[in-house]
Amino acid sequence: MQNPGLDSERLDRSLVYAIIRARRFKSSDPRDKVYAVLGLEEEYVRGKWRLAPIYGDRSTADTHTSAAVQMLLDADDLLLLAQVEGQDFQLQPSLPSWVPDWSCAKGLGLGMVPETERQLLLRGVLLDRVTRIGESKEEACIHKNAAHHHFPSWLTILSALPAIYHTGQPRTEVLWRTLLTDTATRIPLKSRHPAPAEYGLAFQDWLAHIILALEWLEPESAQRSHFLAGLRQVEAELMTTTNPGYDHVHGNLLTC
């Protein structure tokens, strides 16, 4: 008899919860990390051949994969995938990367599961394509000394853009807004989006500080000269597009 207090959604996730709770238990046969809890979830298991206990030549990897397929097909979320511990901790090397290794005691059905290919295909939306990457903030400002700040890839990306971006903004404005995620915060005030235009002048000030440090402190080299030329080009473009008012945010745009 079905428990009247157990709705269909709860029933579809009950086996996942049961296996998660039993995960830290040990078993002499790792397949029993799945099979041993089936008796607790008879109503969910009934009629589902993927969950039928099969020993013999059936491997642990096949047992866990078959159970994962069934639970993903029944679920409306990706709770099962959150239990994957990563390949560095798996005890069953033949498991697909998206299947939890229940034999490891450490502590959304939104896709298709082609069992023969042992892959998980999820629906998604293509938002954009990455064509170039630049330095992270940590890489660009790894040294506290401004003379050692180095981000040539940012300048390469910038030079590849048209002078006026498709948003109607100058490309230098697009750069500093991207570095800020176009958000400005002044404690204790709330964050502001988009960031005020005055932050463009703070960015210009930051660049001028780096240029000065490079000119006076960094030894002459082809790399230094090329980087300085790029910085001066950005500075020149900024001077034609920024507006007065940066005193309020002087020097606070990027603190490295």
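Would you check if there is a residue in the stretch 178-186 being more than 26 Å from Arg132 (Cα to Cα) and in a loop (DSSP other than H, G, I, E, B)?
First, the residues of the stretch 178-186 that are more than 26 Å from Arg132 (Cα to Cα): 185-186.
In the following step, the residues that additionally are in a loop (DSSP other than H, G, I, E, B) were identified as 185-186.
Yes, there is a match, as at least one residue in the stretch 178-186 is more than 26 Å from Arg132 (Cα to Cα) and in a loop (DSSP other than H, G, I, E, B).
Hey, among the residues in the stretch 17-49 that are β-branched (Val, Ile, Thr) and in a helix (DSSP H, G or I), which one's farthest from the chain's Cα centre (by Cα)? Give the derivation first.
Taking the stretch 17-49 and keeping what is β-branched (Val, Ile, Thr), we get 19-20, 34, 37, 45.
Adding the requirement that they be in a helix (DSSP H, G or I) leaves 19-20, 34, 45.
On the way: Ile19: 27, Ile20: 25, Val34: 31, Val45: 35 Å.
Looking at residues that are β-branched (Val, Ile, Thr) and in a helix (DSSP H, G or I), I get Val45.
Within the stretch 204-239, which residues are of a type in the set (Gly, Ala, Ser), under 17 Å from Ala163 (Cα atoms) and surrounded by 12 or more Cβ atoms within 10 Å (Cβ to Cβ)?
Residue satisfying the conditions is Gly230 alone.
Counting only residues that are among the hydrophobic types (A, V, I, L, M, F, W, C) and in contact with a Pro (Cβ under 8 Å, 6 or more places away or on another chain), how many does the stretch 62-80 have? Full working, then the answer.
Narrowing the stretch 62-80 to residues among the hydrophobic types (A, V, I, L, M, F, W, C): 67-69, 71-73, 75, 78-80.
Checking the rest, the ones that are also in contact with a Pro (Cβ under 8 Å, 6 or more places away or on another chain) come to 68, 80.
The number of residues fulfilling the criteria is 2.
Can you list residue pairs whose Cβ atoms sit under 8 Å apart, with the first residue in the stretch 225-238 being closer than 13 Å to Arg171 by Cβ and the second being surrounded by 12 or more Cβ atoms within 10 Å (Cβ to Cβ) and basic (Lys, Arg)? Count only pairs 6 or more apart in sequence or on different chains.
Every condition considered, the pairs that remain are Glu237/Arg171.
Would you point out the residue of the stretch 62-91, among those that are assigned to a loop (DSSP other than H, G, I, E, B) and either under 15 Å from Leu122 (Cα atoms) or in contact with a Phe, Trp or Tyr (Cβ under 9 Å, 6 or more places away or on another chain) (or both), that is modelled with the lowest pLDDT?
Here is the first cut: in the stretch 62-91, the ones assigned to a loop (DSSP other than H, G, I, E, B) are 75-79, 84-86, 90-91.
Okay, now just the ones that are also either under 15 Å from Leu122 (Cα atoms) or in contact with a Phe, Trp or Tyr (Cβ under 9 Å, 6 or more places away or on another chain) (or both), so 75-79, 84.
Details: Ala75: 87, Asp76: 84, Asp77: 87, Leu78: 89, Leu79: 90, Val84: 88.
Selected residue: Asp76.
The values are calculated or read from the model by the stated rules, or taken from the named source; none is laboratory data. Since the model is a prediction, treat every value here as computed from it, not as a measurement. Glycine also receives a Cβ, built like all others from the backbone with ideal geometry; neighbour counts cover every protein chain displayed.
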